[in-house]
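Written out below as structure tokens is the structure these notes cover.
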Amino acid sequence: MAEAPDQSRQSGKQGRFARFVLADHRYVLLGTSVVALLGMQLSSQPRSTLSFLAHAYALEVVLYYVLVAWLAVSVVAFVIKLVTRRRYATVSPFTRPKSRHVLRVGSYVVWAITLVLFVDRVVLGIAATWQLATTATSRPSDSFASALYMLWQGRQIFWTGITTTVELAVFGTIIAFFLALLLVFLRIQQVDRPDNDLVRFLKVVGSGFAKVYSAVVRGTPMMVQAGIIYFGGFGIMRGTGLSTTEINGIWSTFVAGLVTISLNSTAYMMEVLRGGIESVDEGQTEAARSLGLSQWQAMSKVVFPQGIKFAIPGLSNELVINIKDSSVLSVIGVFDLMFATTTVAGIYYRQTESYMIAAVCYLVLTMVATKLLSKFARHFDVKAGPVMGTSDAKVVKKPKKGKEA
Amino acid sequence: MNGDNSSSSPLIRVEGLRKSFGDHVVLRDIDFEVRPGEVVTIIGASGSGKSTLLRCINLLETPDAGHVWFHGDDLAAEHVDVNRLREKIGMVFQGFNLFNNMNVLDNCTLAPVTLRKMSKAEAEKVALEHLDSVGLSGFVRADVNTLSGGQKQRVAIARALCMQPDLMLFDEPTSALDPEIVGEVLEVMRALAAKGMTMVVVTHEMSFARNVSDEVVFMDQGVIAEKGAPEKMFTNPEMPRTREFLARYLA
């Protein structure tokens, strides 16, 4: 409301919100008025069974009118501002140091009142609904209560689903990383002059295999791959004369799912690694080769250690993608979070609530993974890139320096 | 300055070298040789093929035709062990190309330890000598990214020397440097030449070409237009094209 937002440019370290609250004068009346309105809105909500303010009606009335008074003061200040305009800073009683101090203290009171109302209505409201949902004998009609009821009743199903999803994503990503290392090694082979004909042949075949593998795996949906791997593997095992129960013991849906996600992620991780390796300046290879190092020595001692750093953000991104993409494995019956979701939805005939629970679970999983990975990346002195992207995102290549003839 | 060696057999002999990038012919039938202890500078306009010629000598570019004789082996032949031959040919690049994932000392010891099967301590002893000779003994543990351009290039020279090469190739070693630090790199090169190192230098530093080299090669449009002793090349060149080029530099 008052002038001078220039104090707000103090430190870049604080967040925008913190700067606004601590340093911007507009916060005191304008910002807090919004908070006061929010508190009044909360106060007009129905009380839940756990509400403590239900036992102190008079107190709540007092709190409510404190908020109203705050709004009234703000309106008065605003009117003075409109009337006096430029002279506001010198004329208004609200800009004196003493009244500024009082207003600031008042603003904290407004926050405190709103916080009390928030705990009473929202936090205790959810707690009351949770209490109701977990003790209910049948599904409540209210949508939120019904979601909590399904979460409670289906907690074991969801827990199994979550652990399976995490196992698939974590083990799949780790296996895929090592497979991708092997595959990218094949992919980047180039015929070198000292190579004999056999080595040349193997290099061409290896690099060609990696290219075809990458094209096929990245060009088909993982859902289709899961079907081919699961049922194809099943068929092959049947050919060896095993009984169906024996096959189910070895080739479970989980194993097939893990194989699928590993093989799928391998192709993407290989491309990420290749992008990292290729973004290392060509001069590094040239310098190493000029000293007499072989192609492999130059790669392993000079180029790869630098390239892997470029690749770390993309590699860790794969874990986040795998947490989400493992959901398609439910198509072959892997008991992951998605399978749990459809199972619970089927039991209680409520689709939306069930999927909302799944969405929250996936979001929490990916956020935790992102947080851990960025810590991990910082450990390697790497800036984490955008982690929520898709695996189809293009690898950015640095422009090559023009060669001078 | 090592003219007394000029009667011995050449250390490197390039014969009928041809190279093109797509339709663009960069080198047409280059014949050229360097005797042990000789310092040859290659001058010429940008795009005349001088860098490509240098890069063909240690096979960083694969020639389309021709031979590069070095120690009795033809580097340009198929299946020849270029890795072994490159150990004896040091190269210094315009862009330094120091290994970014290592410190100064490790840059210098990587190749000797990997290829010469030297112990780390032995290689470090050799590296320290060479780093000292380029005036960088105080920077052995420094991260290469913290060095100035002149320091980087001197590390690059020391790195190449650690392999005890018979021949050093310099590809515009001072072109990426600020004018005031060009001198420190040229000084190191001059000292190296005085010690009798065989050098082929692609450069635009005409004073270096004139004062340090035994032979100056002028390249124009993929051919060696003229070569000769520096005095003759700079005072009385035969070809009009050479005169024209030098006039622009010496004006």
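Treating r as the C-beta distance of A:Arg155 and A:Met367 and R0 as 30 Å, the FRET efficiency rounds to 0.90. Which residue fluctuates most in the GNM of chain A (Cα springs below 10 Å): A:Ile162, A:Ile236, A:Ile321? Among A:Ile162, A:Ile236, A:Ile321, the largest GNM mean-square fluctuation belongs to A:Ile236. Taken over the alpha carbons of the range A:79-177 as equal point scatterers, the Debye sum produces base-10 log I(q)/I(0) values at 0.11, 0.23, 0.24 Å⁻¹ of -0.67, -1.07, -1.10.
Under 5 Å between amide hydrogens, built in the peptide plane, is the criterion, and for B:Val92 it picks out B:Leu169, B:Phe170, B:Asp171 among residues at least 5 positions away or on other chains.
Summing both sides, how much accessible area is buried between A and B? Use a 1.4 Å probe and give Å² to the nearest 100. By this definition, chains A and B bury close to 2700 Å². Relative contact order of the range A:122-220: 16 percent, from C-alpha pairs under 8 Å at least 6 residues apart in sequence. Here the range A:245-335 is assigned +1 on the Cβ of each Lys and Arg and -1 on the Cβ of each Asp and Glu. Its dipole about the Cα centre then comes out at about 160 debye.
Only protein heavy atoms count here; under a 1.4 Å probe, A:Trp130 has an accessible surface of about 90 Å². With each label modelled as a point 7 angstrom along the Cα→C-beta vector, the B:His24-A:Lys375 pair spans 5.2 nm.
The angle separating the long axis of helix A:337-348 from the principal Cα axis of greatest extent in chain A is about 60 degrees. Shown for chain A: the carbon plus sulfur share of the solvent-accessible area, taken with all protein chains present and a 1.4 angstrom probe, equals 68%. Taken about its Cα centre, chain B carries a charge dipole of about 320 debye when Lys and Arg each add +1 at the Cβ and Asp and Glu each add -1 at the Cβ.
For B:Tyr249, the accessible area of its heavy atoms, probed at 1.4 Å with every protein chain present, is near 90 square angstrom.
I'd like the FRET efficiency for A:Leu37 and A:Val360, computed as 1/(1 + (r/R0)^6) with the beta carbon distance as r and R0 of 22 Å, rounded to 0.05. It comes out at approximately 0.20. Pairs from the list A:Lys211/A:Lys324; B:Lys50/B:Lys152; A:Lys309/B:Lys120; B:Lys125/B:Lys195; A:Lys203/B:Lys152 with a Cα-Cα gap above 31 Å: A:Lys203/B:Lys152. Give, as ranges by residue number, the residues of the range B:52-80 whose backbone N falls under 12 Å from the point 7 Å along Cα→Cβ of A:Asn196. Counting backbone N atoms under 12 Å from the label point, the list is empty.
In chain B, one over the average inverse separation of all distinct C-alpha pairs is 18.6 Å, which is the Kirkwood hydrodynamic radius. The residues of the range B:130-229 expose, per residue, 34 Å² of accessible area to a 1.4 Å probe.
Arrange the residues B:Glu187, B:Glu124, B:Glu172, B:Glu33 by how much accessible surface each exposes, largest first, with a 1.4 angstrom probe. Don't skip to the end; give the middle numbers.
Details: B:Glu187 95, B:Glu124 40, B:Glu172 10, B:Glu33 60 Å².
The ranking, largest first, comes out as B:Glu187, B:Glu33, B:Glu124, B:Glu172.
Taking all Cα-Cα distances within the protein assembly as shown, those exceeding 36 Å account for 62%.
Using 0.36 nm per residue, how much length does the chain from A:Ala215 to A:His55 gain when fully extended, once their Cα-Cα distance is taken away? If you can, show how the numbers build up before the last one.
Numbers: separation 160, 0.36 × 160 = 57.60 nm, distance 6.75 nm.
Difference between extended and current length: 50.8 nm.
Below 8 Å, C-alpha to C-alpha, sequence gap of six or more: please give me the relative contact order for chain B in percent. If you can, show how the numbers build up before the last one.
Values: 465 pairs, mean separation 65.1, N = 251.
RCO, chain B: 26 percent.
With every protein chain kept in the model, how would you rank A:Asp336, B:Asp214, B:Asp178 by accessible area, 1.4 Å probe, largest at the top?
Details: A:Asp336 0, B:Asp214 35, B:Asp178 90 Å².
Ranking A:Asp336, B:Asp214, B:Asp178 by accessible area, largest first, yields B:Asp178, B:Asp214, A:Asp336.
Just to confirm, what accessible area per residue do you get for chain A at 1.4 Å probe, in whole Å²?
Values: 22370 Å² over 405 residues.
It amounts to 55 Å² per residue over chain A.
When the scattering of the range A:114-257 is computed by the Debye formula from its Cα atoms alone, each counted once and equally, what is log10 I(q)/I(0) at q = 0.14, 0.15, 0.18 Å⁻¹? So the normalised log intensities are -0.92, -0.97, -1.11. Comparing each chain alone with all protein chains together (probe 1.4 Å, DNA, RNA and ligands left out), the residues of the range A:274-308 losing at least 30 Å² of accessible area are A:Gln284, A:Glu286, A:Ala287, A:Arg289, A:Ser290, A:Leu291, A:Gly292, A:Leu293, A:Gln297, A:Lys301, A:Val302, A:Gln306.
Quick one: among B:Pro230, B:Pro240, B:Pro112, which has the greatest mean-square fluctuation in a GNM of chain B with alpha-carbon springs under 10 angstrom? Looking only at B:Pro230, B:Pro240, B:Pro112, the biggest GNM fluctuation is shown by B:Pro240. Please work out the Cα center distance from the range B:34-58 to the range A:18-94, rounded to the nearest Å. After rounding, the separation between the Cα centres reads 80 Å. Taking amide H atoms as placed 1.01 Å from N in the peptide plane, the amide H of B:Leu98 has no partner under 5 Å among residues 5 or more positions away or on other chains. Taking only protein heavy atoms and a 1.4 Å probe, the accessible area of the range B:170-226 is 46% carbon and sulfur. Projected label points at A:Val68 and A:Glu246, each 7 Å from Cα along the beta carbon direction, are separated by 8.3 nanometres. Normalised Debye scattering of the range A:232-363 at q = 0.13, 0.18, 0.20 Å⁻¹ gives log10 I(q)/I(0) of -0.76, -0.98, -1.07, counting only Cα atoms as equal scatterers and leaving out solvent. I'd like the per residue volume of the convex hull spanned by the Cα atoms of the range B:1-117, given in cubic angstrom. Normalising the Cα hull of the range B:1-117 by residue number yields 157 Å³. Measuring spread by the Cα atoms of the range B:135-182 yields a radius of gyration and Dmax of 11.5, 30 Å. The figure for B:Glu226 is an accessible area of roughly 10 square angstrom, using a 1.4 Å probe on the protein chains alone.
Separation of the range A:340-373 and the range A:132-161, taken as the distance between their Cα centroids, equals 13 angstrom. Averaging the Cα positions of each part gives two centres, and for the range A:286-334 and the range B:128-172 these lie 32 Å apart. Note on B:99-109: average number of Cβ atoms from other chains within 10 Å of each residue's Cβ is 3.
The values are calculated or read from the model by the stated rules, or taken from the named source; none is laboratory data. Remember, it's a predicted structure, so these values are computed and weren't measured experimentally. All Cβ positions, even for glycine, are placed from backbone atoms using ideal geometry, and neighbour counts span all protein chains on display. Ligands, DNA and RNA are stripped out before the accessible areas are found, and what is left, the full protein with its side chains, is counted by its heavy atoms. Shrake-Rupley method; radii C 1.70, N 1.55, O 1.52, S 1.80 Å.
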